[in-house]
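**Student:** Quick one: this structure, given as structure tokens, is what I'll be asking you about.
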Amino acid sequence: MEQQADILESEASEERLLRIEANMDTEDMIEAQTRPLIGAQADIVVSYDGTSEGGPKNDGPPWWKRPSIYILLPPFLLYATAMGSAAVPRVNLVLGLVCRHYYKERESHMIPGTFTPVRLVLGADNPECEIPEIGAQASLFSLYMNIVTGLLSAIVSPRLGQLSDRIGRRKVMILTTSGGFASEILLILCYRFPEQISYWWLLSASTVEGCLGSFTLMLALTHSYATDCTTFAKRAAAFSLFHGCLFLGIAIGPAIGGFVIEKTDDIINVFYGVLVVHVIFMAYIVFFLPESLSRTKQLLAREKWVESQRKLAESTGSKWVSGLRVLNVFEPLNILWPMNGPNLSKLRLNMIVIAAIDFVMFGVGFGAMTVVIIYSKIQFHWKTQFAAYFTSIVSSTRVFGLLVLLPLAIRLFRKKPAAGAPVAGCDPLDTWIIRGALTFEIIGYLFYVVARNTPLFVMGGVIASFGGIGSPTLQSALTKHSPAEKTGQLLGVIGLLHALGRVVGPTVFNSIYYNTAETYPQAVFTVLVAIFGVAWLASWLITPYISVEGVADDDEQESAEPEENEPLVGRS
């Protein structure tokens, strides 16, 4: 009873705080950037590390019951490591299943006695599978899987992001993780029973994963959680930590996967380990992870959502017509085309260019991964373990760039804005980091084009991996062009673009490789160099210090009202 009374009192004080903030005067823009994005209690502020500021040291729940990015980072690192450990084995397992089907088909069309049956060990490195025709078919099937997952994720992710505003982040995280769990089970069944279950059933695994948001939604949810429990000024640093953990997991994961395959001599053991990680991750969320959105915030989000649905139904005249708008994947992108504000044309150009570059970098990075693995296996005859170690080396370099080079550049070259100085929009350092990241990508993929041996190819991967510093910088720069009250909505749009990139990237690059694998297999890397070159030229169109809606160009800048700083992700 006492605990229930404490919860009710906390929610009541939070409601009072919202009413008080609604009547407060506007604050200076620089000061507003240090205001926390969640209102925990009237006199207690949740800081970057989850501790309390502005109140007695012993006020509030103990630290392990307070939302903090440091509580979510360890399980997220474990989750990312599991995903990284299965990346290369997944591609090689698909290659093996396609190879088995290829030779079965050939054997069925041959006259008995004129064809020697090929005996393959599923999951092993079979030299018979290292031919361009099989590589092209495996690339095409991987394309189908990515299209199914990406399209469904693009439709579902923004809606699940909105749902997390109304029911909390934890429940949607569990839902998304269960999709990955079911997908891994279907993959294991296809491996264990290849005679009874065709490899085409892997498309059903992609369907399940896509319908529950896939990994792109999980990354967006972790960013939403970080947004809830950090101040605006430290949000970019929190994003960088999650990106660092993501690529650290991708770095050490393949090495762990390669070690497991080498010791057990069975590729499927990696996926058993991934299943265990899914269970651990879900259990951690259920029993240990504090919810970052209070009950009051969730109820307010539900009320706003119900009201928006009512107005939508009234404007369309039918609930059925309004319900069909769920299928409009591109509707949330309207936030990238603001309708009012100073310097409107430059503001729109900045937002479109930054979002487009982020889309290219994610889409290319995701879409080229499968092609790079298949290409290296066909051209250089890499074994699964070596491909896993290559992925670890490249990802380790990316982590070094994210956790060392990027923070060092910010510390050395970014100065704290003085009073009256422009703070809206991105600054010149952001633009130079973006251009530098694109330059690394261009040079790295040029190495891929000319490489005819393993050392040169690995060097290209290492150089391109330094381009990873562009991703958090792009997302942070994009949020600087949007009013604070639309930060959550913008995060949902970033997740949507990444889901679409998961479709467009693999579609383009797998198709190119499929059609050029036997003539000029380096064609896909040549196209990548051209795409990054266009993005590099477009980066020069970004104008620093473009103010957002509600922020004037003069020294006396207006700031958003405090009550509008709620970080509701995917707000409807």
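**Student:** Which condition from (1) touching a Phe, Trp or Tyr at 6+ places or on another chain (Cβ under 8 Å); (2) at pLDDT below 85; (3) surrounded by 24 or more Cβ atoms within 10 Å (Cβ to Cβ); (4) among the hydroxyl-bearing types (Ser, Thr, Tyr) is the one that SER476 breaks?
**Tutor:** (3)
**Student:** Looking at the stretch 289-306, can you tell me whether even one residue there is within 30 Å of SER392 (Cα to Cα), modelled with pLDDT of 85 or more and not in a helix (DSSP H, G or I)?
**Tutor:** Start the filter on the stretch 289-306 by keeping residues that are within 30 Å of SER392 (Cα to Cα), which leaves 289.
This time we only want the ones that are modelled with pLDDT of 85 or more, so: 289.
Next, from what is left, pick out any that are not in a helix (DSSP H, G or I): 289.
Yes, the conditions are met somewhere in the stretch 289-306.
**Student:** A follow-up question, please. Looking for whichever is modelled with pLDDT of 80 or more and surrounded by 20 or more Cβ atoms within 10 Å (Cβ to Cβ) here; the options are LEU186, LEU160, LEU151. Which one fits?
**Tutor:** None of the other options fit; the residue is LEU160.
**Student:** So, one more: Out of (1) touching a strand residue (DSSP E or B) at 6+ places or on another chain (Cβ under 9 Å); (2) at pLDDT 85 or above; (3) not aliphatic (A, V, I, L, M), what's the single condition that is false for ARG66?
**Tutor:** The one condition ARG66 does not meet is (2).
**Student:** Now for a different question. Quick check on the stretch 192-208. Is at least one of its residues surrounded by fewer than 18 Cβ atoms within 10 Å (Cβ to Cβ), among the small types (Gly, Ala, Ser) and without any contact (Cβ under 8 Å) to a residue 60 or more places away in the chain?
**Tutor:** Checked the stretch 192-208: at least one residue is surrounded by fewer than 18 Cβ atoms within 10 Å (Cβ to Cβ), among the small types (Gly, Ala, Ser) and without any contact (Cβ under 8 Å) to a residue 60 or more places away in the chain.
**Student:** Would the stretch 394-409 turn up any residue that is surrounded by fewer than 17 Cβ atoms within 10 Å (Cβ to Cβ) and free of Cβ contacts under 8 Å to residues at least 12 places away in the same chain?
**Tutor:** yes
**Student:** Any idea which residue in the stretch 135-148 is nearest to VAL504 (Cα to Cα), counting only those that are of a type outside the set (S, T, N, Q) and modelled with pLDDT of 80 or more?
**Tutor:** Ranking the candidates gives ILE147 first.
**Student:** Which pairs do you get when a residue that is closer than 17 Å to ALA138 by Cβ and touching a residue at least 60 places away in the same chain (Cβ under 8 Å), found in the stretch 377-393, comes within reach of a residue that is in a helix (DSSP H, G or I) and polar (S, T, N, Q), reach meaning Cβ atoms under 7 angstrom, with the pair 6+ apart or on two chains?
**Tutor:** Filtered contacts from the stretch 377-393: PHE380/THR454; TRP382/SER376; THR384/ASN92; ALA387/SER376.
**Student:** Count, please, the residues in the stretch 261-300 that happen to be closer than 12 Å to THR81 by Cβ, among the β-branched types (Val, Ile, Thr) and crowded, with 22+ Cβ neighbours inside 10 Å.
**Tutor:** Total meeting the criteria: 3.
**Student:** Could I ask something else about it? CYS229: of a type outside the set (Val, Ile, Thr) and touching a strand residue (DSSP E or B) at 6+ places or on another chain (Cβ under 7 Å), yes or no?
**Tutor:** Yes, satisfied.
**Student:** In the stretch 516-526, what residues are touching a residue at least 24 places away in the same chain (Cβ under 8 Å) and either of a type in the set (Val, Ile, Thr) or in a helix (DSSP H, G or I) (or both)?
**Tutor:** First pass over the stretch 516-526, keeping only residues touching a residue at least 24 places away in the same chain (Cβ under 8 Å): 517-518, 521-522, 524-526.
Those that are touching a residue at least 24 places away in the same chain (Cβ under 8 Å) and either of a type in the set (Val, Ile, Thr) or in a helix (DSSP H, G or I) (or both): VAL524, PHE525, THR526.
**Student:** Just to confirm my filter: which helices (runs of 4 or more DSSP H) fall fully inside the stretch 153-230 and include at least 1 residues that are over 21 Å from the mean Cα position of the chain (by Cα)?
**Tutor:** So the answer is 169-192, 202-211.
**Student:** Also, I was wondering about something else. Looking only at the stretch 345-384, filter to residues that are modelled with pLDDT under 85 and among the charged types (D, E, K, R); which one of those is surrounded by the most Cβ atoms within 10 Å (Cβ to Cβ)?
**Tutor:** Across the stretch 345-384, the extreme among qualifying residues is LYS377.
**Student:** Residues of the stretch 209-234 being modelled with pLDDT of 85 or more and surrounded by fewer than 20 Cβ atoms within 10 Å (Cβ to Cβ), which ones?
**Tutor:** CYS211
The values are calculated or read from the model by the stated rules, or taken from the named source; none is laboratory data. Keep in mind the model is a prediction, meaning the values are calculated, not measured. Neighbour counts are summed over all protein chains in view; Cβ atoms, including those assigned to glycine, are modelled from backbone coordinates with ideal geometry.
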